[in-house]
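Derivation of every value follows stated rules applied to the coordinates shown; laboratory data play no part. Quick caveat, the model's predicted, so the values are computed rather than measured. Positions of Cβ are generated from backbone atoms using ideal geometry, with glycine treated the same way; all protein chains shown enter the neighbour counts.
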């Protein structure tokens, strides 16, 4: 469902209803755009908690499985983390 949210000093003020194809758009506190959660407020804010949690879960899962492995596998795991998961985490910061 399409939604709208506001950013700026008057973000809490009531506005005239907006419609899209005959449907009223609902005001929301936050919305997801390009995988990034944007939050309404006085200034532009991104919510990164879900991205950080997914990153930590992925890192912990890989390191848990590699805990009894040799040093070669640990090096492969670190390389995997740097090449796959770190760019995904940094993408959110750059957007």
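Quick notes on this one:
- In plain terms, the C-alpha convex hull of the stretch 3-47 casts an average shadow of 3.5 nm² when viewed from every direction.
- Average Cα contact separation per residue, the chain, under 8 Å, 6 or more apart, as relative contact order %: 23 percent
- The candidate values were [x] 89; [y] 110; [z] 147; the one computed from these coordinates for volume of the Cα convex hull per residue in Å³ carries the label [y].
- Note on residue 66 and residue 16: with the Förster distance fixed at 41 Å, the Cβ-Cβ geometry gives a FRET efficiency of about 0.10.
- Only helical runs count toward this figure. For the chain, summing -39,500 (n - 2.57) over DSSP H runs of n ≥ 4 and dividing by all residues gives -12000 deg cm²/dmol at 222 nm.
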